[in-house]
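Written below as structure tokens is the structure these notes are about.
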Amino acid sequence: MNKTKRKIFETSLKLFAEKGYENTSIEEITATVGVAKGTLYYHFSSKEEIFYFLVEEGIKLLQNSVDIKTSKYNNYVDKIKAIILIQIKIVKKYEDIITILLSQFYGNEKRNQKCKEYIYEYINKIEGIVKEGIEAKQIKQGDVKIYASEIYGLIGSCLLYKLNENIDFNIELVYKHFEETIIKGLKEEN
């Protein structure tokens, strides 16, 4: 990504997260970046294309991180632990992307549907790991969709905690709390 496109990306990300998609205009993006509309349209055909690019890049980042980290483990509980830790780190480092994804999940516009599609694709990835863990008798029997939704839901919990406390939270401390409440509940009792 060249310097100008990156600046448009970062500025749009910040504005969409702070003001919302609807309340952010192309004029505001170009004024903040310091480029002409023509320059923006050279890189993106519309505000909606910028939005899709942001969401797609955010989900790719999350999914690639999960793929890389979970491939290192054979134990499915360890894979879930890795997913939880990645999600906490993503919220801390990329709060704006998560804010945009969560804020656009509801609604019937094309962009809302696209956000849902990306989020469900990611949840399906978690479902697959949970299902394999149940089959391997490392995760206790239960509804795979509920388990996966609960694990994904930790993203919202982290963001809510961060915003409510208005702090730069400690990743390890938050992870320890989730490990105590979520991971212990998933483990297959021997």
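This table checks each residue for (1) closer than 24 Å to Val77 by Cα; (2) among the hydroxyl-bearing types (Ser, Thr, Tyr); (3) out of contact with any strand residue (DSSP E or B) (no Cβ under 9 Å at 6 or more places or on another chain).
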{"residue": "Ile98", "(1), (2), (3)": "no, no, yes"}
{"residue": "Glu127", "(1), (2), (3)": "yes, no, yes"}
{"residue": "Glu132", "(1), (2), (3)": "yes, no, no"}
{"residue": "Lys140", "(1), (2), (3)": "yes, no, no"}
{"residue": "Lys145", "(1), (2), (3)": "yes, no, yes"}
{"residue": "Leu160", "(1), (2), (3)": "no, no, yes"}
{"residue": "Thr181", "(1), (2), (3)": "yes, yes, yes"}
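Checked against the criterion of being in contact (Cβ under 8 Å) with a residue 60 or more places away in the chain, within 25 Å of Leu163 (Cα to Cα), surrounded by fewer than 19 Cβ atoms within 10 Å (Cβ to Cβ) and of a type in the set (Ser, Thr, Tyr), the candidates Tyr106, Tyr52 yield just one match: Tyr52.
With respect to the stated conditions, Lys131 fails to be at positive phi and more than 20 Å from the chain's Cα centre (by Cα).
Count of segment 1-40 residues, restricted to those that are buried (at least 18 other Cβ atoms within 10 Å of the Cβ) and among the hydroxyl-bearing types (Ser, Thr, Tyr), is 5. Contact map, segment 117-136: residues that are without any contact (Cβ under 8 Å) to a residue 60 or more places away in the chain paired with residues that are of a type in the set (D, E, K, R) and surrounded by 14 or more Cβ atoms within 10 Å (Cβ to Cβ), Cβ distance under 7 Å, separation 6+ or inter-chain. Pairs shown: Glu127/Lys145; Ile129/Lys79.
For beta carbons closer than 9 Å, sequence separation of 6+ or different chains, a first residue in segment 141-155 that is more than 10 Å from Val130 (Cβ to Cβ) and a second that is among the polar types (S, T, N, Q), the qualifying pairs are Tyr152/Gln87; Leu154/Gln87; Ile155/Gln87.
Of everything in segment 171-190 that is of a type outside the set (Asp, Glu) and modelled with pLDDT of 85 or more, the residue that is surrounded by the fewest Cβ atoms within 10 Å (Cβ to Cβ) is Leu173.
The values are calculated or read from the model by the stated rules, or taken from the named source; none is laboratory data. Note that the structure is a prediction, hence the values are computed from the model and not measured. Positions of Cβ are backbone-derived with ideal geometry, glycine not excepted, and every protein chain shown enters the neighbour counts.
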